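S.K.: This structure is in structure tokens; I'll ask about it shortly.
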Amino acid sequence: MSRVVTVAPERLDRWLTGFGERHGDVSFDVAPHQVTVSAADGAVAVVSVPFQPLVDLSREGLVAHVLGEHRLGLLLVRRGGYGAGVFVGPKLVDSKVGSRHVQGTTKAGGWSQQRFARRRDNQAREAFAAATEVAVRILAGARLDALVCGGDRRAIETVLEDPRLKDIAKLVRPPFLGVADPKQKVLEAAGVDARAIRIELTEPQDDDGPS
């Protein structure tokens, strides 16, 4: 049975050691984009390499790589708010969050409903325009190694369509983060999630059932 676990970069070395302690002798199949760790009891852990490619193809190289001071951009956009930040390693070095009011749905009908819909669409466009300006200001010249996004996918697509962001749009990598309306604390917490190492873990089934 497989599941995905996440591990902070600072904890990866200890996690790999613990995997061996739990499952027996391990071997490493190290590639530039993923590292497969196979244990004596059949357990397998596939580590997705962030900021690919991995150059030093060894366990030690992987650990050193994830601890490097990579420049990670973060862009969060929802109808009610937006935020952008730059992390160097675990440190948030630049950020900006903001919000714009966008009305919700209405039960009104006829012309009233149409006017309301137009007003809401205009508010959404203004909110996305404000999010775009923040993204340009914080991210466009930040020399990023990767960009992680979150919030509303259509809103993110709208922001990244701006020609000024075409270079960083090429740097987008998983995961896409589900977040609340971006505030500073939401941005900081999303940065922790964005930096986390993703590991697909397959552990052997117990054979203690009835024969």
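S.K.: In whole angstrom, how far apart do the alpha carbon centroids of region 41-86 and region 151-208 sit?
M.R.: Centre-to-centre (Cα) distance: 11 Å.
S.K.: Which part of region 168-206 falls in the paramagnetic zone of residue 153, meaning amide N under 15 Å from the point 7 Å along Cα-to-beta-carbon?
M.R.: Counting backbone N atoms under 15 Å from the label point, the list is 173-179.
S.K.: Further question on the same structure: Roll a 1.4 Å probe over the protein heavy atoms and report the accessible area of residue 161 in Å², nearest 10.
M.R.: Per-residue accessible area (residue 161): approximately 120 Å².
S.K.: How big is the equivalent ellipsoid of region 1-49 along its three axes, where each semi-axis is √(5λ) from the Cα gyration tensor, reported in whole Å from largest to smallest?
M.R.: Numbers: eigenvalues 50, 35, 25 Å².
Those come to 16, 13, 11 Å.
S.K.: For the residue pair residue 40 and residue 171, what label-to-label distance in nm results when each label sits 7 Å from Cα along the Cα-to-beta-carbon direction?
M.R.: Once both label points are built, they end up 4.4 nm from each other.
S.K.: Cβ under 14 Å from residue 27's Cβ, residue 27 left aside: what net charge do those residues give with Lys, Arg +1 and Asp, Glu -1? Each step should come with its number before you reach the end.
M.R.: On the way: positive: 59; negative: 25, 29, 41.
Net charge in that neighbourhood comes out at -2.
S.K.: When the Kirkwood radius is taken over all Cα pairs of the chain, what Stokes-Einstein diffusion coefficient follows at 37 °C and 0.692 mPa s, in µm²/s? Intermediate values should be presented prior to the final figure.
M.R.: On the way: Rh = 19.3 Å.
Here the translational diffusion coefficient equals 170 µm²/s.
S.K.: Run the simple label-point estimate for residue 55 and residue 183 please: 7 Å along Cα→C-beta, distance reported in nm.
M.R.: About 4.2 nm separates the two model spin labels.
S.K.: Still on this structure, please answer the following. Connecting C-alpha atoms closer than 10 Å in a GNM of the chain, tell me which of 56, 167, 25 has the biggest fluctuation.
M.R.: Of 56, 167, 25, the Gaussian network model singles out 25 as fluctuating most.
The values are calculated or read from the model by the stated rules, or taken from the named source; none is laboratory data. These numbers come from a predicted model, not from an experiment. Cβ sites come from the backbone with ideal geometry, for glycine too, and all protein chains shown count toward neighbours. In case anyone asks, the SASA skips ligands and DNA or RNA and just uses the protein heavy atoms, side chains included. Shrake-Rupley method; radii C 1.70, N 1.55, O 1.52, S 1.80 Å.
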